[in-house]
1. Across segment 40-54, what is the number of residues that are within 19 Å of residue 145 (Cβ to Cβ) and touching a residue at least 24 places away in the same chain (Cβ under 8 Å)?
2. Is there a residue being touching a helix residue (DSSP H, G or I) at 6+ places or on another chain (Cβ under 7 Å), at pLDDT below 90 and not assigned by TED's automatic domain parsing to the domain that holds residue 137 anywhere in segment 20-28?
3. Specify the residue that is modelled with the lowest pLDDT; the eligible residues are those in segment 44-71 that are surrounded by 13 or more Cβ atoms within 10 Å (Cβ to Cβ) and closer than 15 Å to residue 12 by Cβ.
4. Would you confirm, using the coordinates I've provided, whether residue 168 is closer than 18 Å to residue 22 by Cα and either part of a helix (DSSP H, G or I) or within 17 Å of the chain's Cα centre (by Cα) (or both)?
5. Determine if segment 116-137 includes at least one residue that is part of a helix (DSSP H, G or I), at pLDDT below 85, farther than 25 Å from residue 30 by Cβ and not assigned by TED's automatic domain parsing to the domain that holds residue 58.
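The values are calculated or read from the model by the stated rules, or taken from the named source; none is laboratory data. Bear in mind the structure is a predicted one, so any value in this text is a computation, not a measurement. As a convention, Cβ positions derive from the backbone with ideal geometry for all residues, glycine included, and neighbour counts pool all protein chains shown.
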């Protein structure tokens, strides 16, 4: 990765390009902002020290997310996890909505993320990689060390669970009105 190029410039580019993705993934796995911050620092320290061993067998994003996942799992072995909600900037819209529409849109996103965060970690992780990071099944299976069939199965179950909870929430609201 660093042949003929300035290591610091490459590192800066990696941080600028993937820093937010690394933080979001760390946060999604730990559900704690402080741990996500620590994990990001550790990940990029590892990346800086090992940039010369990356030879392009996978995408740079997959490599970084694999390091992030492994680092987060190390943190989770000793960390106490508490429930929080995730609000990535990717969901901000460029058009100006009415205050009411914006509130309802944000409320729906919070509700969906809350449901996603309630999924078992294995389903939550696959759903995040497939939808938020738009990774292909092959890359997800390589990153997680699973067969593509297992990844597809977990993704299907995750989508079913979130869909069911959303449908249940809609029917509960319509019964109240």
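1. Number of matching residues: 3.
2. yes
3. The selected residue is 51.
4. Spelling it out, it is not the case that residue 168 is closer than 18 Å to residue 22 by Cα and either part of a helix (DSSP H, G or I) or within 17 Å of the chain's Cα centre (by Cα) (or both).
5. Checking segment 116-137: not a single residue is part of a helix (DSSP H, G or I), at pLDDT below 85, farther than 25 Å from residue 30 by Cβ and not assigned by TED's automatic domain parsing to the domain that holds residue 58.
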